Amino acid sequence: PVLAALLLPPRAAAAVWQITKRGIPTATAAIATATIPLGAFINTTPQGLSYLWFLLLLFLALPELVTGKRWTHPSILILMAISTLLIHPLTGIPAVLFVALMFLWPSDDVRHTVQYIWRSVLFWLIALIGALALPIAFFAFGEVTWRLQWSSLSTLLPATFFSTRFNAVGDLVSWITLNGWIWLLAFAAAAAVILWKMRSKRWRILPLLALILAINALVLSMTGDFSFLIDYEQTNYIDRVVYLCLYVLLPLSILGIGLVAERLISLERPLIRIVSIALLAMAIGANVYAAYPRHDLYTVSRGFTVAQSDHHTVASIASHAGDEPYIVLANQTVSAAAIEDNGFLRYYGNRGDVFYYPVPTGGPLYQIFLRMIEENPTRELAVEAMNVTGVNRVYFVVNEYWWSAETAIERARVQTDEYFIVDDGATWVFIFDRDERTAPRPPSAP
């Protein structure tokens, strides 16, 4: 978050200044970075950091793409692309592809020469390979398998909002933010119209890369089987590729906002200036508001953070268990607290690859946790978790804010008499021990 706040506005302003040499579009570009969706930058995740590095790479390259003059040394662009690849390959592969296309762009200065022909062939060959780069990477290095399907195609188009919930502020915020990708495309198109007749054509790499990434998303949605993830996360990777398509166009969009703002101000009509400033202010305000977790008519946020009670729960379970091997069925925040407090302390299972807290969410323990808390926390499910890991004790954790917490607590109290409460009911912890007579334990991994 700090890096995004410190680096994006000045980098965008510098790029627009190098292109236009004028103050109004430069200042507007810096301000307009506050309209970029903030969700990716408020979480300290590798994916969010890779988005930031990718955007900085695009803004560094934008002046050269538009003016044809070198403003940034090629080694810096290569270093940024490699850094992005090392942070997160899902973003890094498009970053490397972008730099390759940028350097292979066939210049009109050498048209009809052998060099031009070879550069053209290599350029379009790399573009063709790039159209399948992400599916190839997933199938080669991940757990994704081939399966032709059409049901995921509906998820390719980002959400829109053109209805009403009879709440003026809420409707306005949703109308601005949920349709943000439409405004982004509109301003990118405005920049393209303005730049179309310029001598340098290399800026067209940006819409070409967006098209290449759209093809990647299409192929992944039709052929990728992400069943190793939990149900509500199975389209996450495809969603990220779709948003990468939009991120590629963000520099053009920011440039478009600056150029459009300059033309509106040049009309010297006070009303138009006031309306333009008001619209930009509302867009920024709505964007900031939409980044906050909330539960209203428009959005139900699930982004719970790790609380002190989660740390207390982890410590209480460890204290209660003593030297007895155990596993915990809990939500992701409790698991995050356990990793923060104890690191990757214990692994169980026949192959020694099942963590004692239910992460990752695609693993077997999290599936059992969901069945426990959303259906019925039975002893049979607890024994199933024991059989997966080879331990004799399971702790089942219910956080008070979970939507089915009250029902899960009442049902768990029927299944086991042993439980304890942490921080006046912030979490309830139920203990299930194996009945050796009815559920023999499989051999535990060393």
* Asked: Among Leu252, Leu280, which is open to solvent by less than 50 Å² (accessible area, probe 1.4 Å) and touching a Pro at 6+ places or on another chain (Cβ under 8 Å)?
  -> Leu252
* Asked: Can you name every residue in the range 50-74 that is open to solvent by 40 Å² or more (accessible area, probe 1.4 Å) and modelled with pLDDT of 95 or more?
  -> Trp53
* Asked: In the range 351-360, is there at least one residue being modelled with pLDDT under 95 and over 28 Å from the mean Cα position of the chain (by Cα)?
  -> yes
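Within the range 322-337, can you find the residues that are out of contact with any Lys or Arg (no Cβ under 6 Å at 6 or more places or on another chain) and under 30 Å from Arg302 (Cα atoms)? Steps first, please.
Initially, the range 322-337 is screened for residues out of contact with any Lys or Arg (no Cβ under 6 Å at 6 or more places or on another chain), giving 322-323, 325, 327-337.
Of everything in the range 322-337, those that are out of contact with any Lys or Arg (no Cβ under 6 Å at 6 or more places or on another chain) and under 30 Å from Arg302 (Cα atoms) turn out to be Ile327, Val328, Leu329, Ala330, Asn331, Gln332, Thr333, Val334, Ser335, Ala336, Ala337.
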* Structure fact -> Log entry, pairs with first residue in the range 267-285 being at pLDDT below 90, second being of a type in the set (Val, Ile, Thr), beta carbons closer than 7 Å, six or more apart or on different chains, reads Arg273/Ile265
* Asked: For the range 255-277, what are the residues that are open to solvent by 70 Å² or more (accessible area, probe 1.4 Å) and polar (S, T, N, Q)?
  -> Ser266
* From the residues in the range 312-336 that are in contact (Cβ under 8 Å) with a residue 60 or more places away in the chain and in a loop (DSSP other than H, G, I, E, B), which one is surrounded by the fewest Cβ atoms within 10 Å (Cβ to Cβ)? -> Glu324
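Could you tell me which residue of the range 180-229 is surrounded by the most Cβ atoms within 10 Å (Cβ to Cβ), considering only residues that are farther than 30 Å from Pro360 by Cα and of a type in the set (Val, Ile, Thr)? First the steps, then the outcome.
Of the range 180-229, the ones farther than 30 Å from Pro360 by Cα are 180-212.
With of a type in the set (Val, Ile, Thr) added as a condition, the list becomes 182, 193-194, 205, 212.
Details: Ile182: 11, Val193: 11, Ile194: 14, Ile205: 22, Ile212: 25.
For the range 180-229, the residue satisfying everything is Ile212.
Listed here are the residues, each with its yes/no results for (1) assigned to a helix (DSSP H, G or I); (2) of a type in the set (D, E, K, R); (3) crowded, with 18+ Cβ neighbours inside 10 Å; (4) free of Cβ contacts under 8 Å to residues at least 60 places away in the same chain.
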| site | (1), (2), (3), (4) |
| --- | --- |
| Glu340 | yes, yes, no, yes |
| Gly352 | no, no, no, no |
| Tyr366 | yes, no, yes, no |
| Phe369 | yes, no, yes, yes |
| Ile373 | yes, no, yes, yes |
| Leu381 | yes, no, yes, yes |
| Met386 | yes, no, yes, yes |
* Asked: Which condition number in (1) in a helix (DSSP H, G or I); (2) surrounded by 15 or more Cβ atoms within 10 Å (Cβ to Cβ); (3) in contact with a helix residue (DSSP H, G or I) (Cβ under 9 Å, 6 or more places away or on another chain) is the one that Val288 fails?
  -> (2)
* Given Phe396, Phe420, Phe430, Phe344, which one is assigned to a loop (DSSP other than H, G, I, E, B) and in contact with a strand residue (DSSP E or B) (Cβ under 8 Å, 6 or more places away or on another chain)? -> Phe344
* **All positions within the range 75-86 that are within 21 Å of Ala210 (Cα to Cα) and open to solvent by 10 Å² or more (accessible area, probe 1.4 Å)** => Ile78, Met80, Ile82, Ser83, Leu85
* For the range 291-302, how many residues are open to solvent by 50 Å² or more (accessible area, probe 1.4 Å) and either farther than 24 Å from Ala40 by Cβ or among the hydrophobic types (A, V, I, L, M, F, W, C) (or both)? -> 2
* To do: Examine the range 1-11 for a residue that is open to solvent by less than 40 Å² (accessible area, probe 1.4 Å) and touching a residue at least 60 places away in the same chain (Cβ under 8 Å), and state whether such a residue exists.
  => no
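The values are calculated or read from the model by the stated rules, or taken from the named source; none is laboratory data. Since the model is a prediction, treat every value here as computed from it, not as a measurement. FYI the Cβ positions are ideal-geometry reconstructions off the backbone, even for glycines, and counts take in every protein chain you see. Side chains included, ligands, DNA and RNA excluded: accessible areas come from the protein's heavy atoms. Shrake-Rupley method; radii C 1.70, N 1.55, O 1.52, S 1.80 Å.
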